[in-house]
Amino acid sequence: MEQGGQAMKEINGFQDFVDDLRIAGFTIGGENGEGVFTLSDYFSDKIHWHTEDDDTDPWEWRIRVLDEYRDIAYGKLFFKKSGYITKEWYPYFLAARRGRADLYEEYEEGNVTLMAKRIYDVLSEEKELPVHLLKQYGGFSREDKSGFDNALTELQMKFYVSLCGRTRKKSRKGEEYGWSSTVFCLTEDLFGEEVFDAAAGISGEEAFRKIEKQIYKLNPQAPERKVKKYILG
């Protein structure tokens, strides 16, 4: 498949994935593209999930992308599922989903939940936090788990909060232990103001049509209803 003069290629490893992502501009992270588009359709038989091989396991790529590149976003971005967007395409999704909306105005209008606002308040103060500290600083209990997870997804889908890396917990002695914890930040702190400046010059309608055109280049058979949801969240 040709995109902008470049050919999409079979994905045999991490670098192939990154190369194709730059051509496509965005993709759902998993194998179910909801009939719209996913780079998983280009995976060769060398790609296997949950092997912990950082070159051929797509589960490892989500953090490797954030560790090694500063122009690719990853998070719950499509259908409340994981996905990737390159910096080139990020302003269009930002314009289509969020526009010039302010979270506190959205909260007052009933478009953002209280739990989402609490998470946003903490990140506004701390700038960047692993999820376990985000829960701690925000005063979230175990009983809040479902609501917390839903609110974090809500904030990612609305482009207010972004996943920006991972870290491990530290003991009182400063020693790392346990599983890695994902780190979140405000979207403004992921790519910087230039992305927001670019988005400010794009109308919601223009952004929608630009993304829609690219989707149909990637998959001419994509269903219209799903394409709309893919773009607008």
Might you work out the accessible area of S40 for me, using a 1.4 Å probe with all protein chains in place, and round it to the nearest 10 Å²? 20 Å²
Per residue solvent-accessible surface (Å²) - region 1-116, probe of 1.4 Å: 47 Å²
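Probe radius 1.4 Å, ligands and nucleic acids left out: which of E109, E60 has the largest accessible area, and how do the rest follow?
Numbers: E109 125, E60 40 Å².
So the residues, ranked largest to smallest area, are E109, E60.
Within region 11-111, what whole-number % of the accessible surface is contributed by carbon and sulfur, with the 1.4 Å probe and all protein chains included in the calculation?
Details: 1820 of 4480 Å².
With neighbouring chains kept in place, the figure for region 11-111 is 41 percent.
What ranking of T56, T187, T51 comes out by heavy-atom accessible area, probe 1.4 Å, highest first? Let's see the in-between values first.
On the way: T56 30, T187 0, T51 75 Å².
Putting T56, T187, T51 in descending order of accessible area: T51, T56, T187.
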Show the residues, 5+ positions off or on another chain, whose built amide H is closer than 5 Å to the amide H of R166. V183
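Let me have the relative contact order for region 1-88, percent, based on Cα pairs under 8 Å that are six or more residues apart.
Numbers: 138 pairs, mean separation 23.5, N = 88.
Answer for region 1-88 is 27 percent.
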Candidate values (i) -0.39, -0.69, -0.94, -1.07; (ii) -0.49, -0.86, -1.12, -1.22; (iii) -0.59, -0.81, -0.95, -1.02, label of the one derived for log10 I(q)/I(0) by the Debye sum over Cα atoms at q = 0.09, 0.12, 0.14, 0.15 Å⁻¹: (i)
Trypsin sites (Lys or Arg not before Pro) within region 30-78: DSSP coil, no more than 15 neighbouring Cβ in 10 Å: K46, R70
Over the chain: helical MRE at 222 nm, DSSP H runs n ≥ 4 each giving -39500 (n - 2.57), nearest 500: -13000 deg cm²/dmol
Relative contact order as a percentage, the chain, C-alpha pairs under 8 Å and 6+ apart, gives 23 percent
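Using a 10 Å Cβ count of at most 15 others and DSSP loop calls, identify the longest part of the chain lacking such chymotrypsin sites (Phe, Trp or Tyr not before Pro). Kindly include the intermediate steps, with their values, before the conclusion.
Working: sites that count: W49, Y69.
With a cap of 15 other Cβ atoms within 10 Å, the longest stretch comes to 70-233.
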How big is the accessible area of R118 in square angstrom, nearest 10, if you roll a 1.4 angstrom probe over the protein chains? 80 Å²
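Sorting E205, E143 by accessible area (1.4 Å probe), largest first, what list results?
Numbers: E205 105, E143 155 Å².
Descending order: E143, E205.
The values are calculated or read from the model by the stated rules, or taken from the named source; none is laboratory data. Small disclaimer: the values here were computed from a predicted structure and weren't measured. Don't worry about glycine lacking a Cβ; one is built from the backbone with ideal geometry, like all the others, and counts go over all protein chains shown. Please note that ligands, DNA and RNA were not included when accessible areas were found on the heavy atoms of the full protein model with its side chains. Shrake-Rupley method; radii C 1.70, N 1.55, O 1.52, S 1.80 Å.
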